[in-house]
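All remarks here apply to the structure that follows.
Each value in this text was obtained by applying a stated rule to the coordinates, not by laboratory testing. All figures in this text were calculated on a predicted structure; none of them were measured in a lab. Cβ placement follows ideal geometry from the backbone for every residue including glycine, while neighbour counts extend to all protein chains displayed.
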Amino acid sequence: MSHEMGRSLEGRIVVYAALLCFATLGLSAQTQQPQWKTYSYGGDGFSASFPSEPGLQKKNVDTKAGPFQLRSYVVMEDTAALFVGVCDYGDNGADTDADTRLQGAKNGALESSKSHLVSEEKITLGIYRGLKFESESDNAHFSARIYMVGTTLYQTLVVAPLGSKYADETRFLDSFQLIPRERN
């Protein structure tokens with residue numbers, strides 16, 4: 001896959017995730033007191049703490065490199081959306097280094113969501129490279145951490161209305177962990 005095609009693909013996947021989360025902000029928020037719990041998804045190789053059980057949404061993303069499936073685990077909490085997204089590029093993800101993929105995903109997300117970068121920092125999750133960034137559009141604040149684990153892009157994201165911050169943002173983002181991936 002070419003560098004430009006990879007950047008476009010990753011950007012679109014991150015943007016689909018962000019838009020999915022932002023679109024759910026219009027839905028009624030949960031009124032129950034949250035009961036934070038760690039949920040594990042061996043098929044996708046991660047665990048994360050959510051205030052309630054996340055719903056799973058699957059979306060096929062058609063690209064020039066072929067179709068990819070984005071699996072999204074989403075919870076609405078007050079006026080925020082909490083999201084973990086998983087997309088495995090398979091053989092199409094083997095020819096580009098992690099830093100290039102991460103920058104391409106971030107840049108594509110900023111462009112497609114019409115948001116501007118507020119902050120950015122390189123991070124790691126164990127031995128895997130990641131990127132932590134915040135951005136803002138005209139009406140939303142995005143706090144994201146993205147990781148490349150082999151050929152799989154993991155995205156953790158909190159979307160809140162512009163001017164407000166989700167109180168448990170750090171709790172959620174820090175809870176993301178890799179676990180052994182179950183193979184079917």
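Taking loop as defined by DSSP and a crowding limit of 16 other beta carbons within 10 Å, which trypsin sites (Lys or Arg not before Pro) in region 81-184 fit?
Numbers: sites: ARG101, LYS106, LYS114, LYS122, ARG129, LYS132, ARG145, LYS165, ARG171, ARG181, ARG183; in loops: LYS114, LYS165, ARG181, ARG183.
Loop-located and lightly packed - LYS114, LYS165, ARG181, ARG183.
Across region 51-184, the volume of the C-alpha convex hull divided among the residues equals 126 Å³ per residue. Applying a DSSP loop filter and a limit of 14 other Cβ atoms within 10 Å to the GluC sites (Glu not before Pro) in region 105-184 leaves GLU182.
Using θ = phi - 60° in the Karplus curve 6.51 cos²θ - 1.76 cosθ + 1.60, the 3J(HN,Hα) couplings for region 111-122 round to 5, 6, 8, 6, 10, 10, 6, 9, 7, 8, 8, 6 Hz; x is entered for Gly and Pro. In this structure the amide hydrogen of THR79, modeled in the peptide plane, comes within under 5 Å of no amide hydrogen from residues 5 or more places off or on another chain. Of all lysines in the structure, the ones whose alpha carbon falls short of 23 Å from that of LYS58, not counting any fewer than 8 places away in one chain, are LYS37, LYS106. Residues whose amide H falls under 5 Å from that of PHE176, counting only those 5 or more places apart or on a different chain, are SER49, with hydrogens built in the peptide plane. Protection proxy ranking of 76-87, 38-49, by the mean of other Cβ atoms within 10 Å over each peptide's residues and highest first, is 76-87, 38-49.
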